[in-house]
1. What distance in nm separates the two pseudo spin-label positions at D124 and D233, each 7 Å out from Cα along the beta-carbon direction?
2. For a quick check, take a GNM of the chain with Cα springs below 10 Å and name the residue from R40, R265, R60 with the largest mean-square fluctuation.
3. Can you give the extra length, in nm with one decimal, that the chain gains between R156 and R60 once fully stretched, where that is 0.36 nm per residue apart less the Cα-Cα distance?
4. Grab the other residues whose beta carbon is less than 14 angstrom from that of T71, score K and R as +1, D and E as -1, and report the net.
5. For L262 and V297, compute 0.36 nm times the residue count separating them, minus their Cα-Cα distance, and round to one decimal in nm.
6. Could you work out the helix-only [θ] at 222 nm for the chain, with each DSSP H run of four or more residues adding -39,500 (n - 2.57) and the total divided by the number of residues, to the nearest 500 deg cm²/dmol?
7. Using a Förster radius of 41 Å, what is the FRET efficiency between D52 and T362 based on their Cβ-Cβ separation? Nearest 0.05, please.
8. Would you mind counting up the charge near S26? Only other residues with Cβ under 11 Å from its Cβ, with Lys and Arg at +1 and Asp and Glu at -1.
Amino acid sequence: MLHQNLGLPRRLALASPPLPGEALLSWLNAMASEYGGLTRGRTAQITGVLADGEPVNALRTGPAPYHPHPTMVHRMRAAAALSERQVADMTWHRFRGTALHPIGPEWAAETTRASVLGRWADPDVLRLCPACVDESGGRWLLEWQLPWVFACPAHRCYLIDACPDCGRRFTVHGTDPVRGRCRNRPPADGTRRRRCGAPLHGLPRVPVVDAELFKLQQRLWDALHSPAAQCGDAFGVFQDLWAMACLALYTAITEHLVGADLVVREAFAAFCHTHDHRADRDLTAASRRSGRRLKAVDRRSPPVLVMAAVIRTAARIVFAVNPLTAADALADLSRNPHSPAIYVLRQAWNSGPLALATRDTTERIKSVMDILDYSGPGFVPPRSQRDRHYSDLSTGGWAPGGR
């Protein structure tokens, strides 16, 4: 399949161009279907995504889905007649400067799996718009894999991240909407052979009625597609939202979702019921005695409707006239900065999927971060920091200073 002298794949007779915004793995699924049901790994080799002889497992662990390396671009131009821009737009590198870290001398030049995971995006998770999947024949957009996209702006419906029949989460390596059947094994099934088999076309569409949430989704969608000159502002917005979404993830309760759609409130209520300590389930966020306990997988990629709930709550803080007042309405930070819930949040920020959540926040939420930086049971900052960050205790108030 290689030209003898050039080491390039042969030009394919049939090579469909990617859809605008389509993910590389989605395009490979579509190409595999066009070539009579080839495996995705073999399709990656004949289209130039992988070099000849490169193991197909490189689609999981290698750089192809993340960064448009010149050699890969050259191979794909030779095999599928794709331009450098078309190849780059199918990789995660497209979100550098918005949802991912910017491009510049102080940042790593290459976009990697680790750098994607480090910005709260799980490249293995798959979310689908039922309407778009039906219209495109099972192809998906790379934006749907970001935590900031929970609804389809074109069809005004929520994305789906799990099979309605078996309940298992969709993944980019285990789900192929082009072939149209769920291949997950139901968790209650004791055999190793039976798969779900539910159709992935005609998935139920849940409309977004909540005007506030839909307006927020449109705003975030526009920020993801910001011109290069405005990427700095977009990156700051997503970093502030990430920090405040963490605060909501650990402290919010369903009472903070007034006006949200019922499916969002129910999903978040179920999430809280699962992860709250039994003694804390009927308490307010500020009164919890043990804090919400989340495993790494729960922090890295919560269900899509839970993401909608926490990002909606976070946006009320980030875009408020006074973010500290809005944060007080959520977690009562000013009066109770040492609550167990905040302590557990600070522990989560020190390691794991949320380790970078507070590193690049902006002046917009500085007053909130000043409190969160120096709170938590048993935490005593050095005297110099106390002098800067704590107000005169005789006033009973709190006056954050510079971080």
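1. 3.8 nm
2. Its mean-square fluctuation being the largest, the pick is R60.
3. 31.4 nm
4. Overall, the nearby charge balance is -2.
5. Length gained, L262 through V297: 10.1 nm.
6. Mean residue ellipticity, 222 nm, calculated: -11000 deg cm²/dmol.
7. With R0 = 41 Å, the Cβ-Cβ based efficiency is 0.30.
8. 0
No value in this document is a laboratory result; all are computed from the given coordinates. Computed from a predicted model, the values in this text were never measured in an experiment. A quick note on method: Cβ atoms are made from the backbone with ideal geometry, for glycine too, and the neighbour counts reach across all protein chains shown.
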